[in-house]
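Notes follow once the structure below has been shown.
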Amino acid sequence: MGQTNNYLPVRDDWLESRQEDVLEPDLAIIDAHHHFYDRPGWRYLDEDYRADAASGHAVQASVYMQALTRYRTDGPVACQPVGETAYVAAVTENRGPVRVAAGIVGHADLRLGDAVQGVLEAHIAAGRGRFRGIRHLTTWDADTSLANPATAAPAGLLLDSAYRAGLAQLAPLGLSYDAWLFFPQLTELLATAQAFPDTTIVVNHCGGIVRIGAYQGREEEVFRRWRDAMGALARLPNVHVKLGGLGMRINGFGFEALPVAPSSEHLARHWKPWIETCIEAFGVERCMFESNFPVDKGSCSYHVVWNAFKRLAAGCSPDEKQALFSGTAKRVYRLD
């Protein structure tokens with residue numbers, strides 16, 4: 001399976017080199033973040049996700065996250081992303097046993113300001129009762145090698161007045177905001193979250209950990225800056241965090257270079273400082289595990305990544321595990 005250089009390639013034979021028994025197979029899971037891709041050289045749609053979700057864990061439902069998939073090709077440009085919501089809602093409806101895309105998060109250009117309300121209402125109508133929020137990426141860094149050129153944002157987008165005017169339209173419609181950015185931008189997200197205390201904000205992928213490019217070899221500094229910024233965010237009750245997304249190229253863990261796909265023990269050992277810091281700062285009621293598939297599939301298989309999460313939660317009580325693996329996602333994304 002081929003991808004652009006912004007993603008690690010998915011190598012099925014390499015992933016199959018690591019097989020494990022599923023841990024705690026009866027623990028209910030709501031996968032808080034995954035995508036469908038339909039791009040040249042990379043197709044990962046409903047049937048592909050269901051195959052991964054059926055690998056042994058008790059996945060009951062999922063939250064779909066926008067991925068530039070099946071946009072409309074005609075009509076007003078601002079409404080073209082509604083095509084993704086309509087497609088996802090249609091192809092996943094009334095198919096079991098996993099309630100794929102029980103919640104749907106789409107894209108809208110928040111720089112439209114007040115005018116974005118019409119786009120949001122179109123998403124809600126297209127989502128068949130499952131549309132829950134917006135993600136408009138703000139990923140920017142002076143090192144331009146880090147961001148995907150297809151989704152790279154201008155500097156300071158979170159502080160832009162037009163963007164904020166669009167963001168202000170979410171809470172009145174009961175919609176949340178998913179934030180994907182790099183960790184040096186967390187201070188901008190803090191200011192934004194303070195300005196919109198009534199908006200539910202979900203920080204994607206543990207807050208955008210970057211340890212390649214300009215940040216390579218600066219691991220201690222990166223961890224300290226990231227930890228302090230996440231701690232400040234955690235003091236705001238409207239901010240939540242997704243635990244995962246640590247198998248991406250930018251994270252710099254290098255799992256893809258191993259001769260055999262990593263074990264869940266290996267993943268858990270390397271991810272522990274980051275995951276535990278998030279849980280300690282935000283508490284289990286504001287943390288939720290996510291697969292980030294198929295992006296993280298370049299580093300590990302679906303059954304192994306959830307085994308790793310279960311290892312990381314081994315010291316939690318049953319109630320705490322329920323929150324981390326399903327309860328928080330169910331509440332934040334208002335899943336029935």
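Within the shell of other residues whose beta carbon sits under 10 angstrom from the beta carbon of Ile212, the net charge comes to +1, with Lys and Arg scored +1 and Asp and Glu -1. For the chain, the number of Lys pairs separated by eight or more positions or lying on different chains, with C-alpha atoms closer than 14 Å, is 4.
Centroid-to-centroid, using Cα positions, the range 45-79 and the range 155-171 are 26 Å apart. Extension gain, Glu265-Asp13: 0.36 nm per intervening residue step, less the Cα-Cα distance, totals 88.7 nm. Entry note, the chain: relative contact order of 20 percent, from Cα contacts under 8 Å with a spacing of 6+ residues. The charge dipole of the chain, taken about its Cα centre with unit charges on the Cβ atoms of Lys, Arg (+1), Asp and Glu (-1) only, comes to about 320 debye.
List every DSSP H helix in the chain whose Cα atoms extend 15 Å or more along the helix's own long axis and whose mean Kyte-Doolittle hydropathy is at least 0.5. Within the chain the helices that satisfy the rule are 82-92. Of the accessible area of the chain, computed with a 1.4 Å probe over protein heavy atoms only, carbon and sulfur atoms account for 51 percent. Charge tally for Val100 (other residues, Cβ to Cβ under 12 Å; Lys, Arg +1; Asp, Glu -1): -2. Round to a whole angstrom and tell me the spacing of the C-alpha centers of the range 115-130 and the range 202-266. If you average the Cα positions of each part, the centres end up 32 Å apart.
Does the chain come out rounded, prolate or oblate by the C-alpha gyration tensor, with a ≥ b ≥ c the root eigenvalues, rounded set by a/c under 1.5 and, if not, prolate when a/b is larger than b/c and oblate if not? Judged from the Cα gyration tensor, the chain comes out rounded (a/c under 1.5).
Summed over the residues of the chain and divided among them, the accessible surface reaches 39 Å² per residue at a probe radius of 1.4 Å.
The values are calculated or read from the model by the stated rules, or taken from the named source; none is laboratory data. Keep in mind that this is a model prediction, so the values were computed, not measured. As a convention, Cβ positions derive from the backbone with ideal geometry for all residues, glycine included, and neighbour counts pool all protein chains shown. Side chains included, ligands, DNA and RNA excluded: accessible areas come from the protein's heavy atoms. Shrake-Rupley method; radii C 1.70, N 1.55, O 1.52, S 1.80 Å.
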